Amino acid sequence: MTTGTGKSGNGTKPREQKLIFYHPNAAGTGVALQIEPRVKRREADRFNCFFMEMAAQKTVSERDGDKRVFPTFDWENKLTVKLEFPDLCEMLLVLEGKQDKVGGQKNGLYHDSEKANTVITFGRIPEKSGFSFGLSRKDKGTGQLTRLNIGLSEAEAIGLRCILQAGLFFVTFYTHLFAVSQEGVAAEA
């Protein structure tokens, strides 16, 4: 298990940051999960939320002489879900122990888009010390079903809870934050 922050960009602009949980295994059936807050983005339907992306493991770890070749993940065929305020609150109910799984008595949270239906599952694993996060996506055109699932340790879940709790403020009240920061920049100029 590896957890880290991924950064993209060319170094001349502020970089986007993502929290990434890498869970490769020797069988090549591991999964990686990326979590990215998207606040005040230009894309009208892609801001003030969190995006979660999951990718299946593509290759296993190998040795090439004295060098270790790290496993890779199939980000080209990733599953993506946009989590807004109600979804984040459902996840926090689970992370704070107030509910066993998202959706209560339902089988998860249902998202319908133009191209696919996605079901988000997230819950405590009673027999283990941790949580399970899953995405199931059914393509409306082909009917193809893709499922990915990743387990999160208690330590990973605590970090995720803190990020989601803090993120709720930013995805809800972003206009106040950016209005103040822009006024401050204008006053300094």
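The values are calculated or read from the model by the stated rules, or taken from the named source; none is laboratory data. None of these values were measured; they are calculated from a predicted model. Cβ atoms come from the backbone with ideal geometry, glycine included; neighbour counts cover every protein chain shown.
Is it true that some residue in segment 76-87 is assigned to a strand (DSSP E or B), over 14 Å from F50 (Cβ atoms) and over 14 Å from the mean Cα position of the chain (by Cα)? No: segment 76-87 contains no residue that is assigned to a strand (DSSP E or B), over 14 Å from F50 (Cβ atoms) and over 14 Å from the mean Cα position of the chain (by Cα).
The residue pairs whose first member lies in segment 22-38 and is among the hydroxyl-bearing types (S, T, Y), whose second member is loosely packed, with under 13 Cβ neighbours inside 10 Å, and whose beta carbons are closer than 7 Å, counting only pairs six or more residues apart or on different chains, are Y22/T2. Candidates E76, E127: the one that is within 30 Å of K58 (Cβ to Cβ), at pLDDT 95 or above and surrounded by fewer than 11 Cβ atoms within 10 Å (Cβ to Cβ) is E76. Return yes or no: is L152 part of a helix (DSSP H, G or I) and touching a helix residue (DSSP H, G or I) at 6+ places or on another chain (Cβ under 8 Å)? Against the criterion (part of a helix (DSSP H, G or I) and touching a helix residue (DSSP H, G or I) at 6+ places or on another chain (Cβ under 8 Å)), L152 does not qualify.
Being at pLDDT below 95 and at negative phi: is that true of F85 here? Spelling it out, F85 is indeed at pLDDT below 95 and at negative phi.
In segment 40-59, of all residues being closer than 23 Å to F122 by Cα and modelled with pLDDT under 85, the one that is surrounded by the fewest Cβ atoms within 10 Å (Cβ to Cβ) corresponds to R46. Checking each residue in segment 17-39 for being modelled with pLDDT of 90 or more and among the polar types (S, T, N, Q) picks out N25, T29, Q34.
Just one of the listed residues (V119, V94) is β-branched (V, I, T), without any contact (Cβ under 8 Å) to a residue 40 or more places away in the chain and part of a strand (DSSP E or B), and it is V119. Beta carbons closer than 6 Å, at least 6 apart along the sequence or on distinct chains, pair a first residue in segment 129-148 that is under 25 Å from Q99 (Cβ atoms) with a second that is assigned to a strand (DSSP E or B) and aromatic (F, W, Y) for F133/F122.
Taking the criterion of being at pLDDT 80 or above and either among the aromatic types (F, W, Y) or in contact with a Gly (Cβ under 6 Å, 6 or more places away or on another chain) (or both), the residues of segment 155-186 that qualify are F169, F170.
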